[in-house]
1. Out of the residues in segment 115-156 that are modelled with pLDDT under 95 and within 16 Å of ligand 2 (Cβ to nearest atom), state the one that is surrounded by the most Cβ atoms within 10 Å (Cβ to Cβ).
2. Does T189 satisfy the criteria of being within 27 Å of K114 (Cα to Cα) and not hydrophobic (A, V, I, L, M, F, W, C)?
3. Can you name every residue in segment 71-130 that is closer than 24 Å to L251 by Cα and without any contact (Cβ under 8 Å) to a residue 12 or more places away in the chain?
4. Which of the residues belonging to segment 37-53 are charged (D, E, K, R), more than 6 Å from ligand 1 (Cβ to nearest atom) and in a helix (DSSP H, G or I)?
5. What is the number of the single condition among (1) more than 16 Å from ligand 2 (Cβ to nearest atom); (2) in a loop (DSSP other than H, G, I, E, B); (3) closer than 30 Å to D124 by Cα that L85 does not meet?
6. Could you list all residues from segment 157-179 that are in contact (Cβ under 8 Å) with a residue 40 or more places away in the chain, within 16 Å of ligand 2 (Cβ to nearest atom) and surrounded by fewer than 20 Cβ atoms within 10 Å (Cβ to Cβ)?
Amino acid sequence: MEKRKIIEVKDLVKTYGDFTAVKGISFDVYENEIFGLLGPNGAGKSTTLEIIETLRDKTSGTVIVDGIDLDKDPETIKKLIGVQLQSSGYYPRLNLTELITLFCGLYNQDVNPKELLATFNLEDKAKAMFKDLSGGQKQRFSIATTLINKPKIIFLDEPTTGLDPQARRNLWDLILEVRSKGTTVVITTHYMDEAEFLCDRCAIVDSGRIIALESPDALIDQLVAGGFERKKEVKKANLEDVFIHMTGKGLREE
Ligand code: ADP
Ligand code: MG
């Protein structure tokens, strides 16, 4: 069966003054896939995401989300998507339950805060303020809030940056769970193990251009087919395996 395109980006360009951050990129995201944007700092990943999220104006090109043209109906697109807020976006005096209730009001949705918090292993934090959460808890909460308006697509911009290995793996499981319920996920990350684990396909962005777009497996196979070999004899484990083995798999931050 032909996969349905839920995001179509064509010839997208973004200039800031006389600097061109996004230089005519095109890609499609299929419904229910986890799609990654990978690339060095400054490559144009966040700019691209924020344009699709309707938070930033593009210079030229077309963006279609779930069949809707961004130029014609950004308000409908806003209702279809979930965007992770930066931490400054949370009212400082409200606890997590109150924040969820507030978002429910904004989106005209009826979500049970207790159930939502439990899904993200935050049931003990119902009365805590956002600022008092650990890094992993903050990320889990901000992903939880993206789901309140029951979006078809969520956008996660470096959701695991700065987290410890356990918290990172815990978030991977949650992202897979979100996808298993039918949501499409667009994610950026600097962790290649994460992209390999999560992404069905990823685009490698460099200086505002997409230089590759494939499944992680295909990208690796292409490199190997071109004669690439790792220099070092690969050991059966790496230091991250040592860390996880010694400190356990459970979340430690709570
Ligand atoms: P990435 O998310 O891949 O690290 P960004 O999309 O944030 O990259 O930024 C791409 C380029 O655009 C960078 O060189 C950045 O400095 C520049 N840039 C981003 N936002 C602005 C802005 N508001 N004004 C000027 N330049 C910007
Ligand atoms: Mg960025």
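1. The residue in question is Q139.
2. Values: within 27 Å of K114 (Cα to Cα): no; not hydrophobic (A, V, I, L, M, F, W, C): yes.
Judged against the criteria, T189 is not a match.
3. Matches in segment 71-130: Q86, E115, A118, E123.
4. Let us first name the residues in segment 37-53 that are charged (D, E, K, R), namely 45, 50, 53.
Okay, now just the ones that are also more than 6 Å from ligand 1 (Cβ to nearest atom), so 50, 53.
Of everything in segment 37-53, just one residue is charged (D, E, K, R), more than 6 Å from ligand 1 (Cβ to nearest atom) and in a helix (DSSP H, G or I), namely E50.
5. Answer for L85: the failing condition is (1).
6. D157
The values are calculated or read from the model by the stated rules, or taken from the named source; none is laboratory data. Because the structure is predicted, anything quoted here is derived from the model rather than measured. No Cβ is skipped: glycine too gets one built from the backbone with ideal geometry, and neighbour counts run over all protein chains shown.
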